[in-house]
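Trainee: Take a look at the following structure, please.
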Amino acid sequence: MAAPTHGLQHGLTAGPEPIAYTLEGPPGAPVVMLSNSLGTTLDMWQQQAAALATRYRVLRYDTRGHGATAAANADQHGVAGGATLDQLGADVLRLLDSLAIDRVRFCGISMGGLIGLWLAIHAPGRVQALVVANSAARIGNAQGWTDRANFVEAEGMDAVADGAPGRWFGGAFRAQAPQVVARHVEALRMCPPAGYAACCRALAEADLRGQLARITAPTLLIAGLCDEVTTPADARFMLDHIAHASYAGIEAAHLSNLEAPQQFTDLLLAFLQ
């Protein structure tokens with residue numbers, strides 16, 4: 001096995017809508033791509049990336065409207081007024097093309113998991129294996145997402161951020177790791193309202209329940225057993241409709257890779273090898 005590259009490669013894709021990314025790990029190794037949840041950044045994957053980068057090339061990116069991608073598109077080009085799941089999936093393909101990466105092992109959580117499902121359905125040749133964590137083929141309902149988009153555009157991110165700990169993490173973890181909780185809640189608070197709202201509108205329209213049978217990639221479905229946002233029942237629905245799928249439950253709430261990082265990473269490594 002090639003020796004890992006310890007330095008991070010930071011970059012932006014060229015063109016009118018740059019995408020911010022980091023790439024690390026042994027050159028020439030298989031690529032694992034990690035996709036973040038709504039309101040977070042690529043930093044949420046730090047513990048998994050550190051473990052994966054000893055044997056894989058690890059690609060993380062900030063979703064449209066989030067993190068350094070939002071900063072690079074400060075005029076909100078391509079964000080204002082909303083986005084679609086098709087656009088979020090096309091952003092991934094554009095990033096892979098810009099880096100001359102043909103196929104990836106893709107892992108996404110929550111919104112990132114839905115993006116992974118879209119890729120496996122619409123660009124199956126690009127997805128060698130798929131991990132869908134704390135997600136669903138249909139997350140929530142259209143009215144709820146539209147209401148949230150309208151709210152943050154009018155009122156900003158504070159109220160959404162203030163309510164995030166209870167949605168994202170279990171009570172025991174919130175008590176045991178307040179610094180972790182605070183760091184990611186602050187990142188949510190700093191998310192541009194227009195970018196957050198755009199992705200809310202993408203989620204409002206996204207429904208892949210009728211297309212899951214088209215997925216042929218080996219798929220691991222990870223559910224947080226205490227997740228009230230995307231429940232274990234959501235994961236089991238996908239399990240029943242994806243031919244080559246397996247299921248694992250983690251004692252965690254919605255952001256299981258942060259709440260139970262070792263268990264999440266162990267599942268990921270075992271599935272990818």
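Trainee: If Lys and Arg each add +1 and Asp and Glu each add -1, what is the summed charge of the other residues whose beta carbon sits under 9 Å from the beta carbon of Val127?
Mentor: Cβ neighbours under 9 Å give a net charge of +3.
Trainee: Excluding Ala161 itself, what net charge comes from residues whose Cβ is under 11 Å from its Cβ, given Lys and Arg +1 and Asp and Glu -1?
Mentor: -1
Trainee: In whole angstrom, note down how far apart the Cα centers of region 223-273 and region 133-178 are.
Mentor: 19 Å
Trainee: In addition: I'd like to check one number: the per residue accessible area of the chain, probe 1.4 Å, reported in Å² as a whole number.
Mentor: Accessible area per residue: 40 Å².
Trainee: Full extension from Ala159 to Asp102: what is 0.36 nm times the residue separation minus their Cα-Cα distance, to one decimal in nm?
Mentor: Extending this stretch completely gives an extra 16.4 nm.
Trainee: With contacts defined as alpha carbon pairs under 8 Å and 6 or more residues apart, what's the relative contact order of the chain in percent?
Mentor: 20 percent
Trainee: Rounded to a whole number, what % of the accessible area of region 158-273 do carbon and sulfur atoms account for, probe 1.4 Å?
Mentor: On region 158-273, the fraction of accessible area on carbon and sulfur atoms equals 53 percent.
Trainee: What's the Kirkwood radius of the chain in Å, using all Cα pairs?
Mentor: 18.4 Å
Trainee: Leaving ligands, DNA and RNA out of it, rank Cys226, Cys200 by accessible area with a 1.4 Å probe, largest first.
Mentor: Cys226, Cys200
Trainee: In addition: So which residue, out of Gly163, Gly89, Gly11, gets the largest mean-square fluctuation from a GNM of the chain using Cα contacts under 10 Å as springs?
Mentor: With Cα springs under 10 Å in the chain, the top fluctuation among Gly163, Gly89, Gly11 is at Gly163.
Trainee: Gaussian network model of the chain, Cα springs within a sub-10 Å range: biggest mean-square fluctuation belongs to which of Pro193, Pro178, Pro30?
Mentor: Pro178
Trainee: Tally Lys and Arg at +1 and Asp and Glu at -1 over the other residues with C-beta under 13 Å from the C-beta of Glu228: what net charge comes out?
Mentor: Cβ neighbours under 13 Å give a net charge of -1.
Trainee: Calculated from DSSP H runs of 4 or more alone, at -39500 (n - 2.57) each and per residue, what is the 222 nm mean residue ellipticity of the chain, nearest 500?
Mentor: Calculated at 222 nm, the ellipticity per residue is -13000 deg cm²/dmol.
Trainee: Among Gly116, Gly224, Gly140, which one shows the biggest mean-square fluctuation in a GNM of the chain, springs joining Cα atoms closer than 10 Å?
Mentor: Of Gly116, Gly224, Gly140, the Gaussian network model singles out Gly140 as fluctuating most.
Trainee: Need one word for region 177-234: rounded, prolate or oblate. Basis is the Cα gyration tensor (sqrt eigenvalues a ≥ b ≥ c); a/c below 1.5 gives rounded, then a/b vs b/c decides.
Mentor: Verdict is oblate for region 177-234.
Trainee: Rounded if a/c is under 1.5, else prolate if a/b beats b/c, else oblate: with a ≥ b ≥ c from the C-alpha gyration tensor eigenvalues square-rooted, which is region 167-273?
Mentor: Cα axes put region 167-273 in the oblate bin.
The values are calculated or read from the model by the stated rules, or taken from the named source; none is laboratory data. The structure displayed is predicted, hence computed values, not measured ones. Glycine also receives a Cβ, built like all others from the backbone with ideal geometry; neighbour counts cover every protein chain displayed. Areas reflect the complete protein model, heavy atoms only, side chains present, ligands, DNA and RNA absent. Shrake-Rupley method; radii C 1.70, N 1.55, O 1.52, S 1.80 Å.
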